[in-house]
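Participant: Please find one structure pasted underneath; my questions will follow.
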Amino acid sequence: PRSTPFPYTTLFRSLVFKEAYAYSMVDVLMGLDPGTTKVMDEMAISAIEEMGNIMSSAFSNALADFMELKVMHAPPAFGMDMAAAILDAVVVQLGLNADEAVFFNTNFVVDSESIIGHMFLSPDPESVDKIIKILKEKVGL
């Protein structure tokens, strides 16, 4: 059993796509011909949410394993708006206290089509200093 330097950290997770890429991702997830999805209906939103949950869990679990942390995941939510509005909502969710986030560019390639997204993982503000300390110890930052 691994020991942890503190009980757990909460990671707030967001997966962001431009609108056109979100539609393309729905087409891939639902097995539809490219260009079929034009509106985010309930099924499309559910598919994107589930894919986002799986992806963000994989990213955050890998990060947690590397840092030997116990992680409590905040459930991801779907939002479709201008990028700035979505990021503003994430900042509000963090309580306006977190200045730190891990940012991943993601590129899904399916049948030579590239679907670009951005994954944000942000720890609760109380955990940031502890995480930075662990990273410094593990990778010499």
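Participant: Would a scan of segment 35-58 turn up a residue that is loosely packed, with under 13 Cβ neighbours inside 10 Å and of a type in the set (Ser, Thr, Tyr)?
Facilitator: yes
Participant: Search segment 11-35 for residues that are among the hydroxyl-bearing types (Ser, Thr, Tyr) and pair each with any residue that is at pLDDT below 85 and surrounded by fewer than 17 Cβ atoms within 10 Å (Cβ to Cβ) when their beta-carbon atoms are under 7 Å apart and the residues are at least 6 apart or on different chains.
Facilitator: SER24/GLU113
Participant: Restricting attention to segment 59-76, which residues are small (Gly, Ala, Ser) and surrounded by 14 or more Cβ atoms within 10 Å (Cβ to Cβ)?
Facilitator: The initial filter retains those residues of segment 59-76 that are small (Gly, Ala, Ser), namely 60, 62, 64, 74.
Residues satisfying the conditions are SER60, ALA64, ALA74.
Participant: Take ASP81 and decide whether it is within 18 Å of the chain's Cα centre (by Cα), at pLDDT below 85 and of a type in the set (Asp, Glu). Working first, answer last.
Facilitator: Details: within 18 Å of the chain's Cα centre (by Cα): yes; at pLDDT below 85: yes; of a type in the set (Asp, Glu): yes.
Answer is yes for this residue.
Participant: Name the residue that is most open to solvent (accessible area, probe 1.4 Å), counting only residues in segment 102-131 that are assigned to a strand (DSSP E or B) and among the β-branched types (Val, Ile, Thr).
Facilitator: VAL109
The values are calculated or read from the model by the stated rules, or taken from the named source; none is laboratory data. The model shown is predicted, which means the values in this text are computed figures rather than measured ones. Every residue, glycine as well, gets a Cβ built from its backbone with ideal geometry; the counts of neighbours run over all protein chains shown. For accessibility, only protein heavy atoms count, side chains too; no ligands or nucleic acids. Shrake-Rupley method; radii C 1.70, N 1.55, O 1.52, S 1.80 Å.
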